[in-house]
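In what follows, a single structure is set out as structure tokens and then discussed.
Each reported figure results from applying straightforward, stated rules to the coordinates on display, with no laboratory input. Keep in mind that this is a model prediction, so the values were computed, not measured. Note: ideal-geometry Cβ built from the backbone for every residue, glycine included; neighbour counts use all protein chains shown.
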Amino acid sequence: MEADIRRLKIDRGAEPKGASGWAARWILAGVALFVLLGAAALVQRYLNAAPEVMVVRVQAQQPAGAGGASVVLNATGYIVAAHKIQVASKVIGKVAWIGVEKGDRVKAGQVIVRLEDDEYRAQVQQARGQLAALEARLAELERGSRPEEIDAARAQVEQARAELENARVQLERIRQLAAEKVMSKSALDDAQARYDTAAARLEAAQKNYEIVRQGPRREQIESMRGQVEAARGALAFAETQLANTLIRAPVDGTILERAVEKGEFVTTSFAGERGAKGYVVTLADLNDLRVELDISQNDFAKLKPRQRGIITADAWPGVEWQGELDEIAPEANRQKAAVQVKVRVLNPDERLRPEMNAAVAFLSDQPAPAAAPGRPVVYIPPAAVRNDRVYIVLRDRLVERAIRTSGSTPLGLRVEEGLNGGEDIVLNPGPDLRDGMKVKAKRQ
């Protein structure tokens, strides 16, 4: 064993096998780890980034008696047009002219788009020519045969009668000569054939004379009348297609979207994002607006049809509009656990626009109770309330708090429970806010 141990040596000049490969692997692993750590840091920074929120300080005032009706529910949603119309074309074609822009007001029947109409005018001209030809043919059949045609047919009868008389005389002469053995039997047969032919020609001429004298059959006239009606229908259709190249506004309203430009193709069937367009403009009557709200199923029992409400818009703080509950969805939304309702704006004006954020304070029929003696009254902007809750900013953290309101006044919503005054509450709280979230407050 000692001899074997002495034979063992370590070659100092030889490099370990695979040393360069292992070094490369370690370098790649280090780079990958560095990248992952950097990405994790970015993700953490993004997740921990504090969103900026607009806050307002709650003000408390001394009580001044009862005011306004009691608020049973506050909800936020969006302003929508009651009837939004996508004006489409009845015919296909290329846009030759468009006369409206977004925001323009139009009247019912006003031409807003004109399509190229060369093909439709040619179809109208072709249909008119076919109708004219068929009407002329019908007039000819209804008037019957002309006197000249009747006289010509009578003359043919007289000529055929004369020819028959001449053939009869010749037949009698040849028959007598054949009896005397002067003419052959074949000559008699020829004379008989000529007589029979003349008799048939006379009969045909007499029948033709009767047909000409009586005129066309009733069935022929009725058939031609049917063809004329079909041609009139084809002409009416072609004229309608031509008229449809002028696209008109169906109702009075305001243009919300202009979907086509001059030279673009408009279709009545398939519509692609980059290809032919299925409609030309979108319009709505902005004097007929609704506020679309999703009401939680837990609060749905607080509402009833025609319930009054005060509407406020985030874009116009301090301005109120009167509303009335106009529509309740016949089914609930399972995912949202809510029922969609629409509140009609009773006094809309040009300040309200579709898709604006809006809040509705639904009122009860009972007046709001007066504040307790000596207790300050708290008013907050309606835009700070979402589903009867507000978010208070404390040490850069959100605190969700339930409140109870009792009326809407020019100063804002009157708060009976939940706030004491002096708190910083979030204006227009978004759906992504949650209790305990870190935020960056910005005062209004």
Environment charge at Asp299 (Cβ cut-off 15 Å; Lys +1, Arg +1, Asp -1, Glu -1): +4
Pairs to check: Lys304/Lys342; Lys102/Lys342; Lys342/Lys442; Lys336/Lys442; Lys336/Lys440. Give those whose C-alpha atoms are more than 21 Å from each other in this structure. Lys102/Lys342; Lys342/Lys442; Lys336/Lys442; Lys336/Lys440
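What order, most packed first, do the peptides 431-440, 298-307, 399-408 have when packing is the mean number of other Cβ atoms within 10 Å of each residue? Mind dumping the intermediate values first?
Values: 431-440: 11.3, 298-307: 13.4, 399-408: 18.9.
In descending order of packing, they fall as 399-408, 298-307, 431-440.
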Through the Karplus equation 6.51 cos²θ - 1.76 cosθ + 1.60, θ set to phi - 60°, convert the phi angles of segment 195-202 into ³J(HN,Hα) values in whole Hz; use x for Gly and Pro. 5, 4, 5, 5, 5, 5, 5, 5
Amide H neighbours of Thr405 at under 5 Å, excluding residues fewer than 5 places away on the same chain, with H built from the backbone geometry, are Glu416
Note down the nm distance, to one decimal, between modelled labels 7 Å out along Cα→Cβ at Asp190 and at Arg218. 5.1
In cubic angstrom per residue, the convex hull of segment 123-240 built on its Cα atoms measures 117
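Calculate the FRET efficiency for Asp432 and Trp316 from the Cβ-Cβ distance with a Förster distance of 22 Å, rounded to the nearest 0.05.
After rounding, the FRET efficiency stands at 0.35.
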Under a straight-distance cross-link criterion of Cα-Cα below 13 Å, which aspartates and glutamates are reachable from Lys438, leaving out those fewer than 8 residues away in the same chain? Glu52, Asp396, Glu400
